[in-house]
Protein chains: 2
Amino acid sequence: NCQPQTECEAPKKDDKKKPSKTAQADEKRKLEGLTNNSPMRLRMEAFNKRLQAEIAARIEQLDGQGKFKVDRWNRVEGGDGISMVLQDGKVFEKAGVGVSVVYGMLPPAAVAQMRARHPAIGASGEALPFFATGISCVMHPHNPNAPTVHFNYRYFELGAEDGGEPISWWFGGGCDLTPTILYEEDAVHFHRVIKEACDKHDPRYYRDFKKWCDEYFYIPHRGERRGIGGIFFDDLEDKKQDELFAFVQSCGNVFLDQYVPIIERRMDMPYTEEDKLWQQIRRGRYVEFNLVYDRGTKFGLLTPGARIESILMTMPLTARWEYMHEPDLKAHARLMDVLRAPKDWIPL
Amino acid sequence: NCQPQTECEAPKKDDKKKPSKTAQADEKRKLEGLTNNSPMRLRMEAFNKRLQAEIAARIEQLDGQGKFKVDRWNRVEGGDGISMVLQDGKVFEKAGVGVSVVYGMLPPAAVAQMRARHPAIGASGEALPFFATGISCVMHPHNPNAPTVHFNYRYFELGAEDGGEPISWWFGGGCDLTPTILYEEDAVHFHRVIKEACDKHDPRYYRDFKKWCDEYFYIPHRGERRGIGGIFFDDLEDKKQDELFAFVQSCGNVFLDQYVPIIERRMDMPYTEEDKLWQQIRRGRYVEFNLVYDRGTKFGLLTPGARIESILMTMPLTARWEYMHEPDLKAHARLMDVLRAPKDWIPL
């Protein structure tokens, strides 16, 4: 005999929606202050959030007009995120930088999938605690002479109970440039800066990850790549955690050096209506890649309760699909050649 | 000892790329002229092509300016297609009507998938000859008061060697309306005309297929439907072939009655910049549904050698993605209510 009735009912499934012990302990660690001995989770999260703030500040300054709208969100199960989007600026049609931090349980099916690539994950058939933090960024400028840019760096951890070592952990990420009009010097610059960052950590990284990038951003139904590449890597666990973290930091830290000089020399160039139309067609291909093939987007769309506006903030503001469109101008067709057969912009 | 060397080699895989015996015999039948006793393949193909021509003529007349570009294509393995696209017309931003006819071999994995829904298909583990013909149509008008419309009707046949009966056959299809601004009278009219067509054949069809349509065009990551529905059906084999063909013909034949009165009363209505912006946002959702969920589009994108421009002619000419967009106007928000909770426009 109890009032109100709901209190008599069986415990709700929502009981699952409490912060994990790891998430709670990490909150405490953050209040105490991080050191180089703090768990990688917290160090990568802090790096992501610092880099996000730095990039947003520089891009806002560069735009001179648009302001980033900042949305912060929290997950009951542990973790949070910050989405920053600048829309309809002077230089940028849309620029987004997002950071997410997720503590959760990975269902058995997803664990089994990951086991193929990470043999340390045993075949227990049970759900495992996981952690993921990532920074991702997409910038679409107005001027068709200025390329769209994207990067993403992330850290993943599986099976760590608080205080214990994870069963498996890895880093992933990459950066890539998507021009509407090809300027070889821009492609060379973008690749050179990231190659220098890679070379400090491993002489094979740039060569391997440049190739991986060309493969990843392929649009099979078009027979072309999304852009002129950069680097892409995933499941990176072949060195000590600190060494790989240093590598990922190097990559993230050179982003502004990779992109700002390019945008500065393109953002005020004159362009024609034909250039703008061509840009809109290429934006359509960008949408096709993101919605049909991009792993991160697909994973996000299929995740119940995911914050859809944060996932789709990578979409261009506008896009266009013309039936049987072929580039008229040589300057436009030149881009297609390198999207169909990727080029080595600098010696490998 | 033979010259040239290639003639000594094993038969090429390309040997598969000959017209099937069925396709060859059907070509002969077409030359001899069709009757009510001709195979359903040929009768449905003829219906599709006649309907396509009728619709294109009426829509061109209605547009008064744009002309359909007509592309015909042939498949070596048998079959052909006609893609008709009107772009940048006076009334229509983009209007496409396509017919395809495909003779081919269905790989064992795809056969196994179909067996779940069509038990007559045995578990031979072998590839089976298949045939498919369909008509599909999407029209995107300029005026945001005028809705986008889509329909598709198709016939599928599995395992028919020439002269023999297929192991399994079925019809599928449907029609649906996607307004930017909701006019209830348009929704009621669109549904009433297709209900009348359904009622002539089976009193349950409209009710069942209306519900199926609301389910099919759901965009889970948005929690909304693409539009205000219509009908959707698949794997229809519950009556004699002639009866179902008559049903599908009724549906196809009323399309112009469903849509033309709506477009005529909306195409010259005044609209604001806000209406146009809202239309572009809704076009973005249309793209999301088509690229992420639509069975036909996904099947097409994954089919090697498919004619990509025919598959993606359903895409709007232009689309827009704004971060955190919410409709400002009540007239726009009213649409969202019915996309989130579908309505019975007429008594079921």
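Counting every Cα pair in chain A, what percent are over 28 Å apart? Before the final figure, lay out the partial values.
Details: 27502 of 60378 pairs.
Summing the P(r) tail past 28 Å for chain A gives 46 percent.
The residues B:MET84, B:MET114, A:MET269, when put in order of fewest to most other Cβ atoms within 10 Å, stand as A:MET269, B:MET114, B:MET84. Here A:LYS276 yields copy-to-copy label distances, from shortest upward, of 1.1 nm, the label point defined as 7 Å from Cα along Cα to C-beta. Across identical copies of the chain, B:ALA109 has label-point separations of 1.7 nm, listed in ascending order, with the point defined 7 angstrom from Cα along Cα→Cβ. Label-to-label distances for A:LYS298 across copies, nearest first, come out at 1.0 nm, using points 7 Å from Cα in the beta-carbon direction.
Using a 10 Å cut-off around each Cβ, can you sort B:LYS69, A:LYS28 from fewest to most neighbouring Cβ atoms?
Working: B:LYS69 13, A:LYS28 8.
Fewest-to-most Cβ neighbours within 10 Å comes out as A:LYS28, B:LYS69.
Relative to the dominant Cα principal axis of chain B, helix B:273-292 is inclined by about 30°.
Here the protein assembly as shown has an Rg and Dmax of 27.9, 98 Å, counting Cα atoms alone.
Across peptide B:282-295, the average count of Cβ atoms from other chains found within 10 Å of a residue's Cβ is 3.
Please compute the net charge surrounding B:ASP71, taking Lys and Arg as +1 and Asp and Glu as -1 over other residues with Cβ under 12 Å from its Cβ.
Around B:ASP71, the charge tally is +1.
Where chain B is carried onto chain A by rotation, the Cβ closest to that axis, with its residue and distance in Å, is B:LEU291, 2.
In the protein assembly as shown, helices alone account for a calculated mean residue ellipticity at 222 nm of -13000 deg cm²/dmol, with every DSSP H run of four or more residues adding -39,500 (n - 2.57).
Across B:ALA116, B:ALA95, B:ALA132, mean-square fluctuation computed from a Gaussian network of chain B (C-alpha pairs under 10 Å connected) peaks at B:ALA116. Taking the Cα centre of the stretch A:73-120 as reference, the dipole from Cβ charges on Lys and Arg (+1) and Asp and Glu (-1) amounts to some 220 debye.
Sorting B:LEU277, B:LEU335 on the 10 Å Cβ count, fewest up front, what's the list? Show your work: numbers first, answer last.
Working: B:LEU277 18, B:LEU335 21.
With the fewest neighbours first, B:LEU277, B:LEU335 line up as B:LEU277, B:LEU335.
Projecting label points 7 angstrom from Cα along Cα→Cβ for B:VAL70 and B:ALA127 puts them 3.4 nm apart. Excluding same-chain neighbours fewer than eight residues apart, the lysines reachable from A:LYS90 by a Cα-Cα span under 24 Å are A:LYS67, A:LYS69, A:LYS276, B:LYS276.
Selection among B:THR314, B:LEU277, B:ALA341 by position relative to the dipole of the stretch B:275-348 gives B:THR314 as farthest towards the positive end (Cβ unit charges, Cα centre). Angle between the Cα long axis of helix A:40-63 and the longest principal axis of chain A, 0 to 90 degrees, nearest 10? Orientation of helix A:40-63: about 40 degrees from the principal axis. Using a cut-off of 25 Å between Cα atoms, the listed pairs A:LYS298/A:LYS330; A:LYS94/A:LYS239; B:LYS210/B:LYS298; A:LYS30/A:LYS94; B:LYS18/B:LYS240 include A:LYS298/A:LYS330; A:LYS94/A:LYS239; A:LYS30/A:LYS94; B:LYS18/B:LYS240 as exceeding that distance. Compared with the dominant Cα axis of chain A, that is its longest principal axis, helix A:205-216 is turned about 90°.
Computed from the coordinates by the stated procedures, all read-outs in this text should not be read as laboratory data. Quantities reported herein were computed from a predicted structural model and do not represent experimental measurements. Reconstructed Cβ throughout: ideal geometry from the backbone, glycine too, with neighbour counts over all protein chains shown.
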